Amino acid sequence: MTTTESRTTELAEPQMLGFLAQLGIDVEFTRAEGDTLFYRDAGGREVPVLDFAGGYGALILGHNHPEIVGAAHEFLSAGRPVLAQASRQSDPAAVVGLLNTILRREFGDPEPYYGVFANSGAEAVEVAMKHAEFARVLRVRELLTEIETHLTDAVEAVRSGAARVPEQVLRDLGVAPGDGLDAAAERVRAAAAACAARPPVFLTFAGSFHGKLAGSIQLTHNADFRVPFAGMAAGARFIAFEEPGAVARAVEAERAEVPELLVDGDEIRLARRPFPVVAAFVLEVIQGEGGIRTVSAPIAAEVRAAADAAGFPVVVDEIQSGMGRTGAFFAAAHLQLRPDYVVLAKGLGGGLAKTALTLIRESFYRPDFELLHSSTFARDGFSTALALRALRVLEADGGAVYRLAERAGERLRGTLEKVRADFPDIVAEVRGRGLMLGVEFHEQSASPLHPLREADTAGILGYVFSGYLFGAHRIRTFPTASAVRTLRLEPSAHLDDESIAELDGALRTLCTLLRAGDPRLFGVV
């Protein structure tokens with residue numbers, strides 16, 4: 001390696017590389033297959049690593065699935081164009097069409113969804129945010145136009161003598177009776193302008209994670225990630241997770257009304273119209289970075305009811321939980337939470353391509369959005385071809401992969417629950433569904449090991465556990481970003497019993513060392 005090449009490597013996010021080195025996991029993987037990664041040790045020998053991180057949920061089909069690799073070879077060998085923007089493309093249309101078939105099957109609703117492609121999950125969330133806000137702005141404009149039209153009609157009716165303004169109407173608007181209709185009209189216009197100037201509000205749950213771009217970071221609850229950029233985009237209201245009634249209270253707190261003057265026979269009547277402030281409710285059915293926490297059916301029903309009553313959409317973020325990981329294609333299907341928008345990414349590229357997609361229900365879709373939003377690399381030929389193949393693999397044999405994921409998830413969870421039962425002082429809880437599981441450990445503030453107490457205080461406990469599992473057992477997993485005592489497990493649907501047994505042994509050894517306060521946890525004898 002030349003000096004220039006070495007210098008370039010050192011400049012590629014060196015702080016993160018240093019952190020990985022500190023944990024002992026800064027290896028370069030040279031090969032991958034299924035649920036296994038390989039690297040070469042100092043002697044050049046290939047070392048296998050069991051991968052339970054699974055690309056943070058992107059590898060439902062595992063590393064280098066042969067059919068996805070085959071699709072990549074076919075695409076490139078045929079010389080098909082990767083970038084042919086502003087042309088007819090059959091694969092993106094087929095992807096959205098197949099997803100509509102799955103949506104109809106899992107939610108029993110024939111209404112179609114339109115698709116807008118993106119490059120990553122965070123970008124797809126921002127597509128949903130932009131579209132929801134665009135739709136809200138159009139609703140605001142329509143409402144303001146109606147109010148102004150009705151106001152003009154009222155003024156003309158009074159001036160022509162066809163109608164009069166009751167004093168109570170003026171008093172309700174805060175206008176002295178002697179000031180008359182003109183002052184009332186100004187109050188109505190001022191109130192409408194004040195409402196129109198209000199920024200949109202997005203509702204989401206505490207613990208949520210929806211990305212780290214300028215807009216999506218506003219929906220990510222972790223203050224360390226969000227607060228430095230809080231002034232860059234519309235904010236969110238974070239609602240207590242799994243608290244009955246909290247959704248309705250949050251919606252009520254954001255409720256706004258605007259006055260309207262209407263001609264009612266020979267009088268002018270004052271009405272108040274609901275003003276759309278909430279752009280959307282955005283949620284993960286299973287919170288990924290928030291600690292693998294699952295929304296319950298009653299709370300999902302509260303979200304759906306509140307949105308329907310107020311007229312704003314529900315955006316379901318299936319970036320980690322979708323693509324069959326929970327035993328159904330959409331995790332929301334287990335709750336029958338009918339989405340108005342669905343966001344997909346990660347596994348959509350089959351583990352090889354970067355792609356994402358926002359699906360929008362026809363009754364919420366605004367076609368003009370297509371003229372306002374674009375992305376150079378979204379909907380490229382290569383990624384959409386691989387996405388189509390990935391979907392076909394998942395749907396093959398009546399959805400055999402979903403059944404594999406469900407059964408493997410049951411076996412894995414059963415194993416984890418036994419570890420928890422045997423080490424209740426070490427393992428606090430096992431959470432999740434299918435192959436999206438989390439193992440939460442108790443805090444270690446009272447551990448006899450000073451480094452362990454320090455790691456807990458510093459918020460890196462889960463990373464210490466990850467380093468141990470990798471170094472001692474060649475098992476790869478990571479904590480969730482906003483709940484760092486929780487290790488996430490998101491292997492492929494082809495996870496076998498031997499791999500589960502390896503994880504079982506490794507976790508039991510980890511728990512034994514923690515219980516004993518054994519310094520070997522840090523590689524020290």
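Read-outs: derived from the displayed coordinates by stated rules, not from any lab. Nothing here was measured: the structure is a model prediction, and the numbers come from that model. Please note: Cβ atoms are built from the backbone with ideal geometry, for glycine as well, and neighbour counts cover all protein chains shown.
Taken about its Cα centre, the chain carries a charge dipole of roughly 440 debye when the Cβ of each Lys and Arg holds +1 and the Cβ of each Asp and Glu holds -1.
Give the calculated FRET efficiency between E252 and L98 to the nearest 0.05, with a Förster radius of 45 Å applied to their Cβ-Cβ distance. Can you show the working numbers first?
Numbers: r = 40 Å, r/R0 = 0.88.
Approximately 0.70, to the nearest 0.05.
The C-alpha radius of gyration of the range 82-173, expressed as a fraction of 2.2 N^0.38 Å, stands at 1.95. Our summary of shape: the Cα atoms of the chain have principal axis extents of 98, 61, 51 Å, ordered from largest down, in whole angstrom. Expressed as a fraction of 2.2 N^0.38 Å, the C-alpha radius of gyration for the range 90-378 is 1.17. Roughly how many nanometres apart are two label points built 7 Å out from the Cα toward the Cβ at S374 and R392? That separation, rounded to one decimal, is 3.0 nm. If I take R0 = 35 Å and measure r between the Cβ atoms of R237 and E46 in this structure, what FRET efficiency does the formula 1/(1 + (r/R0)^6) give, to the nearest 0.05? Once the sixth-power term is evaluated, E becomes 0.10. Placing dummy labels 7 Å off each Cα toward the beta-carbon, the span from A194 to E148 is 2.0 nm. For the range 298-443, the equivalent ellipsoid built from the Cα gyration tensor has semi-axes of 32, 22, 14 Å, listed from largest to smallest.
Set the Förster radius R0 to 56 Å, insert the Cβ-Cβ distance between R139 and D422 as r into 1/(1 + (r/R0)^6), and round the FRET efficiency to 0.05. Don't skip to the end; give the middle numbers.
Numbers: r = 56 Å, r/R0 = 1.00.
The calculated FRET efficiency here is 0.50.
Between A162 and R31, residue separation times 0.36 nm minus the direct Cα-Cα distance comes to 38.8 nm. For the chain, the longest principal axis of the C-alpha atoms and the axis of helix 461-473 are separated by about 30°. So which lysines can K212 reach, going by Cα to Cα under 24 Å and dropping same-chain residues fewer than 8 places off? Output for K212: K130, K346, K354. Ellipticity at 222 nm from helices only: DSSP H runs of n ≥ 4 in the chain, each -39500 (n - 2.57), divided by the residue count, give -14000 deg cm²/dmol. Each principal axis of the range 197-328 carries a Cα extent, and these read 63, 34, 25 Å when sorted largest first.
The angle between the Cα long axis of helix 297-310 and the longest principal axis of the Cα atoms of the chain comes to about 30 degrees, rounded to the nearest 10. Each residue, E267 and F229, gets one label point 7 Å from its Cα in the Cβ direction; the gap between the two is 5.5 nm.
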